[in-house]
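Structure record follows, encoded as structure tokens.
The values are calculated or read from the model by the stated rules, or taken from the named source; none is laboratory data. The structure presented is a predicted model; accordingly, all values stated were derived computationally and were not measured. Ideal geometry is used to build each Cβ from the backbone, glycine not excepted, and the neighbour counts take in all protein chains shown. Note: areas computed on protein heavy atoms with side chains; ligands, DNA, RNA excluded. Shrake-Rupley method; radii C 1.70, N 1.55, O 1.52, S 1.80 Å.
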Amino acid sequence: MPNVSPSFETLLVDTSDAVVTITMNQPERRNALNRALERDLIQALTAVRDDPSARAVVLAAAGKGFCAGADLTSFKPGLTGADIEHHILNAYWPIVELLATMEKPTIAAINGVAAGAGCSIALACDLSVMAEEATLLQAFSNIGLVPDAGSSWFLARQVGYHVAYQIAVEGEPLSAKRCLALGLTNKVVAAEVLLPTAQGWAQRLAQRPTRALGFTKKAMHKALTASLSETVHYEAALQARCFETEDHAEGVRAFLEKRAPVFKGR
Ligand code: T3D
């Protein structure tokens, strides 16, 4: 059972088998990102990353919204551009980096609007499930800002420049159905089954060979920016490491013995 502390000021944390569900729990402001939520997310995600018994993560949210991005009540007079830059690099980037690079699969369960940096956080997860009424909203340009926390990267790579630019500059909500068509989410389900769908998916993935899943993530991220030759070489190096895992040995043994494999994530 994963050993992630269940007590956070702004989060609910539930561990079941090898799956950790982290629920942002500031519903009154649609889980807008304030300092406490950012601090707790970084701490909880770091603990999950470092806990070998945690083998998949669901990021969920309480209330009507997934995450409304920056808490606009914190934009007080006197705040400078340098403060904003520092904040993005020291609060948003660690959250996005943890979700996008930790070895275990991360799944966003998007219950409502994911706006601004909240949209970036949703897109940083490896997989996502959206409730039928949920939306992604590039809210940045609506308040005269540029996409941040990785939104430009995720959007432009996923949907191509022209559609990404349109989405960013128009600042209109994207319905779950449109997100599915654009490949910005994996599944759309009724709200009542959102969390069980995400958690069931996480449970199934948590039984898979976790190290190979993590190396797959590395290879795919590399492929987004590298040449074919660089990617093939990188894959070969990762395969060398996979080849020496217990799960690989178990997978081959199980195949030869005509039984289901029991992967341990090692
Ligand atoms: O350093 C940095 O952080 C800079 C980087 C910034 C990156 C960003 O994320 S910029 C984008 C910031 N986010 C937004 O601009 C979104 C603003 N919010 C909205 O557009 C809408 O509220 C939503 C589409 C998210 C939700 O709409 P709806 O109709 O479901 O709810 P609502 O009634 O508008 O909001 C409910 C409450 O949450 C409301 O408070 P109240 O009136 O009940 O007291 C609203 O003010 C509050 N709320 C919603 N979003 C935010 C927020 N409070 C603070 N910050 C928010 N972002």
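Taking GLU28 as the residue in question, decide whether it is open to solvent by less than 40 Å² (accessible area, probe 1.4 Å) and within 16 Å of the ligand (Cβ to nearest atom). In short, no.
Rundown of residues vs (1) under 30 Å from ASN111 (Cα atoms); (2) in contact with a His (Cβ under 6 Å, 6 or more places away or on another chain); (3) among the β-branched types (Val, Ile, Thr); (4) at pLDDT below 95, yes/no style:
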site: PRO173; (1), (2), (3), (4): yes, no, no, no
site: VAL232; (1), (2), (3), (4): no, no, yes, no
site: CYS242; (1), (2), (3), (4): no, yes, no, no
site: PHE255; (1), (2), (3), (4): no, no, no, no
site: PHE263; (1), (2), (3), (4): no, no, no, no
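Going by the structure shown, is ARG157 surrounded by fewer than 16 Cβ atoms within 10 Å (Cβ to Cβ) and touching a residue at least 60 places away in the same chain (Cβ under 8 Å)? Judged against the criteria, ARG157 is a match. Strands (runs of 3 or more DSSP E) fully within segment 61-146 that include at least 3 residues being more than 8 Å from the ligand (Cβ to nearest atom): 106-110, 127-131.
ARG39 falls short on exactly one of the conditions (1) open to solvent by 60 Å² or more (accessible area, probe 1.4 Å); (2) under 19 Å from the mean Cα position of the chain (by Cα); (3) of a type in the set (Lys, Arg); (4) under 29 Å from GLU192 (Cβ atoms), and that condition is (4). Can ALA44 be described as open to solvent by less than 20 Å² (accessible area, probe 1.4 Å), at pLDDT 95 or above and more than 13 Å from the ligand (Cβ to nearest atom)? Answer is yes for this residue.
Could you grab me the full set of residues in segment 31-56 that are among the charged types (D, E, K, R) and in a helix (DSSP H, G or I)? Step through it out loud before you land on a result.
The first filter runs over segment 31-56 and keeps only residues among the charged types (D, E, K, R), leaving 35, 38-40, 49-51, 55.
ARG35, GLU38, ARG39, ASP40, ARG49, ASP50, listed by residue number.
The set of residues in segment 1-25 that are assigned to a loop (DSSP other than H, G, I, E, B), away from the ligand (no atom under 16 Å from the Cβ) and of a type outside the set (Gly, Ala, Ser) comprises MET1, PRO2, ASN3, VAL4, PRO6, PHE8, GLU9, ASP17.
Given the structure, is GLN207 in contact with a Lys or Arg (Cβ under 9 Å, 6 or more places away or on another chain), farther than 22 Å from LEU123 by Cβ, open to solvent by 20 Å² or more (accessible area, probe 1.4 Å) and among the polar types (S, T, N, Q)? For GLN207, the condition - in contact with a Lys or Arg (Cβ under 9 Å, 6 or more places away or on another chain), farther than 22 Å from LEU123 by Cβ, open to solvent by 20 Å² or more (accessible area, probe 1.4 Å) and among the polar types (S, T, N, Q) - is met.
None of GLU192, GLU235 is surrounded by 17 or more Cβ atoms within 10 Å (Cβ to Cβ), over 23 Å from ASP51 (Cβ atoms) and without any contact (Cβ under 8 Å) to a residue 24 or more places away in the chain except GLU235. Would a scan of segment 58-73 turn up a residue that is among the basic types (Lys, Arg) and either within 21 Å of ASP148 (Cβ to Cβ) or open to solvent by less than 70 Å² (accessible area, probe 1.4 Å) (or both)? There is no residue in segment 58-73 that is among the basic types (Lys, Arg) and either within 21 Å of ASP148 (Cβ to Cβ) or open to solvent by less than 70 Å² (accessible area, probe 1.4 Å) (or both).
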